[in-house]
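The values are calculated or read from the model by the stated rules, or taken from the named source; none is laboratory data. Since this is a predicted model, take the numbers as computed values, not measurements. Here the Cβ is made from the backbone with ideal geometry for all residues, glycine too, and neighbour counts use every protein chain on show. When the accessible area is computed, the model is the full protein with side chains, heavy atoms only, and any ligands, DNA or RNA have been set aside. Shrake-Rupley method; radii C 1.70, N 1.55, O 1.52, S 1.80 Å.
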Amino acid sequence: MSIADHTSPTSTTPEGPDVHAIEVTVDGRPEQGTVSSRTLLVHWLRDTLDKRGPKIGCDTGNCGACTVRWDGRIAKSCMILAAQADGTTVDTAASLAAEDGTLNNLQQCFKNHHALQCGYCTSGMLMTATDLLASGEGVTDQSVRRALKGNICRCTGYENIVRAIRAAAGQDVPKPHGHEEGEEQ
């Protein structure tokens, strides 16, 4: 599904022709609002709904910090107008953990394999990895690196991220250096 498949006609709400009334299911909850024609989905999620998972990194779709699942597929929310999301489902990294805050398998693997440092890219990496794991594609170093191609991390060097995703796929991967069995942490 492409961005062109998600269009919303200009609204004739009392606010004017450049305002759209939208209804979006976000992280499993129905949300409603009105947005300007120019409002990006990432800004609506963060500024209106207080969703802190998608980060504003580049506003050009290059860094991946704003990655969400949009109707079941990954998308860069800085490249989508909020009005285009009308009638769709958007999942942020907040949708991954259980309601009580228990981490899901992928998040726990990121933690166990030290796949994050500053955390700025983490939600985008998690959403991209969730998409890869759900795709049924074989998970190899190469497929993980290919999937992460649109996500930039300036801290980790990616090796631990790749390990974490492979571990989440049920593969036996080595622990990060210094955290082998029997060693003090």
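Here are the numbers:
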{"read-out": "Positions within the stretch 19-39 being open to solvent by 40 Å² or more (accessible area, probe 1.4 Å) and assigned to a strand (DSSP E or B), in sequence order", "value": "A21, E23, T25, R29, P30, E31, Q32, T34, S36"}
{"read-out": "Output for the stretch 126-166, where each listed residue is among the acidic types (D, E) and in a helix (DSSP H, G or I)", "value": "D131, D141, E159"}
{"read-out": "Conditions (1) in a strand (DSSP E or B); (2) at pLDDT below 95: number failed by G57", "value": "(1)"}
{"read-out": "Only one of C63, C109 that is open to solvent by 10 Å² or more (accessible area, probe 1.4 Å) and over 14 Å from A169 (Cβ atoms)", "value": "C63"}
{"read-out": "Flag for T140 being under 23 Å from W44 (Cβ atoms) and over 15 Å from the mean Cα position of the chain (by Cα)", "value": "no"}
{"read-out": "Among the candidates E15, E99, residue that is modelled with pLDDT under 95, assigned to a loop (DSSP other than H, G, I, E, B) and either among the aromatic types (F, W, Y) or surrounded by fewer than 12 Cβ atoms within 10 Å (Cβ to Cβ) (or both)", "value": "E99"}
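So that you can scan it fast, the table gives a plain yes or no per residue for (1) touching a Leu at 6+ places or on another chain (Cβ under 7 Å); (2) on the phi < 0 side of the Ramachandran plot; (3) assigned to a helix (DSSP H, G or I); (4) modelled with pLDDT of 95 or more:
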| site | (1), (2), (3), (4) |
| --- | --- |
| A65 | no, yes, no, yes |
| V68 | no, yes, no, yes |
| A75 | no, yes, no, yes |
| C78 | yes, yes, yes, yes |
| Q84 | no, yes, yes, yes |
| L103 | no, yes, no, yes |
| L106 | yes, yes, yes, yes |
| C109 | no, yes, yes, yes |
